[in-house]
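The values are calculated or read from the model by the stated rules, or taken from the named source; none is laboratory data. What you see is a predicted model, and the numbers here were worked out from it, not measured in a lab. Ideal geometry is used to build each Cβ from the backbone, glycine not excepted, and the neighbour counts take in all protein chains shown.
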Amino acid sequence: MKFKFFFLTTFLIFTTLFISCVSVQVKDNTVSTISSEIKKPKNIILLIGDGMGLSEVSTAIYYKDGNPNFERFHTIGLSKTSSASDLITDSAAGATVFSTGVKTYNGAIGVDKDTIPMPTIVEQLSKRGLSTGIVATSSIQHATPASFYAHVKSRRMYEEITEFAPNSGVNFFAGGGLKFFNKRKDGKDLLAEMKANGYKVTTDQLPQAPVEQKELILLAEDGMPKMSEGRGDFLPNATKLALEKLSKNEKGFFLIVEGSQIDWGGHDNDADYLIGELLDFDKTLGVALDFAKQNGETLIIVTADHETGGFTLASDGSDYNKIKPSFSTPGHSATMVPVFAEGPGATLFNGIYESNEIYHKMMALFDK
């Protein structure tokens, strides 16, 4: 009898302590508030490997010289990626869920299924005085980066997307897309407008150090070159430069980094292209993780909008010691994608959830 009383008392004490430490209130399937016992980050870095499923991540194990940076994460979840219009999402709808928390139709940029503009996380945090940045190996008008600062009904409206950049409030842009600023059908010179809105515009090479003013770095007419075409360390170095700049803000920052061309290698069913881009993305994770480890107030989240190519690391026939990468489609697939998290608030990203939950979890962590 004494043993049962002791066991029951101990169990109740442990349960009470556990709940008080990790309590998270959930309303309508979204995180609404987080108890004060959970440490919140000052900064969040969201790294998106476009088209990156688990097989793509696995290439870092088999093709990288050394341990992949993916192995440095201690929290891993799974995201369900279907859009509001289709079982298989595209990058526009797949990124709009991260930027707005709203499931929408394929092709939508920062708008809901009725084409109504939705406030993005970048816009909301900029109004609070946090610094924001966008880095991509595509043009900055491409579906994923565009979804964080623009609101148009179709991802193909590149010139219209660009018109949102001057007043976006984004402190740091780096990627391609120069022609949509200065070689437009309407004849507008949006580079001049960017400068008039306080941006330092760079179009030749990645600067060695950040400047005080906002920055627009455009190093390609459209998308950046492939890794196999000599892009070099643009993505890790641009990420490092962005972190140097944004971390000067005492209120905190939000940075989006996209490994855009993992997706393009998948669409091309080109394993060498895909693997080269994935390894570049893994190197960039190292930059972010090293910063977060030293900073102590930064949450790193790594995920994908969807998987591309139905990529798999198959055996070469009956030779189980030789991998022969293969594809099942030139399009996207419906498979769940991994979510890696490290830093304050990382435990919220455990489990299996809809992709738009990532937005709600981030916003809950930013709410003081």
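Some observations on this one:
- Residue pairs whose Cβ atoms lie under 6 Å apart, sitting 6 or more positions apart in sequence or on different chains, and linking a residue in segment 167-182 that is touching a residue at least 40 places away in the same chain (Cβ under 8 Å) to a partner that is of a type in the set (Asp, Glu), are 172/215; 176/222; 178/221; 179/221; 180/159.
- Subset of segment 37-90 that is farther than 30 Å from residue 244 by Cβ and acidic (Asp, Glu) - its residue that is surrounded by the fewest Cβ atoms within 10 Å (Cβ to Cβ): 37
- Which listed residue, of 152, 111, 135, is within 17 Å of residue 215 (Cβ to Cβ) and either surrounded by fewer than 24 Cβ atoms within 10 Å (Cβ to Cβ) or of a type outside the set (Lys, Arg) (or both): 135
- Filtering segment 298-326 to residues that are over 24 Å from the mean Cα position of the chain (by Cα) and in a loop (DSSP other than H, G, I, E, B) leaves 317, 318.
- Lone qualifier among 285, 313 - being buried (at least 22 other Cβ atoms within 10 Å of the Cβ) and either modelled with pLDDT of 95 or more or aliphatic (A, V, I, L, M) (or both): 285
- Qualifying residue in segment 17-27 (condition: surrounded by 10 or more Cβ atoms within 10 Å (Cβ to Cβ), at pLDDT below 85, in a loop (DSSP other than H, G, I, E, B) and in contact with a Gly (Cβ under 8 Å, 6 or more places away or on another chain)): no
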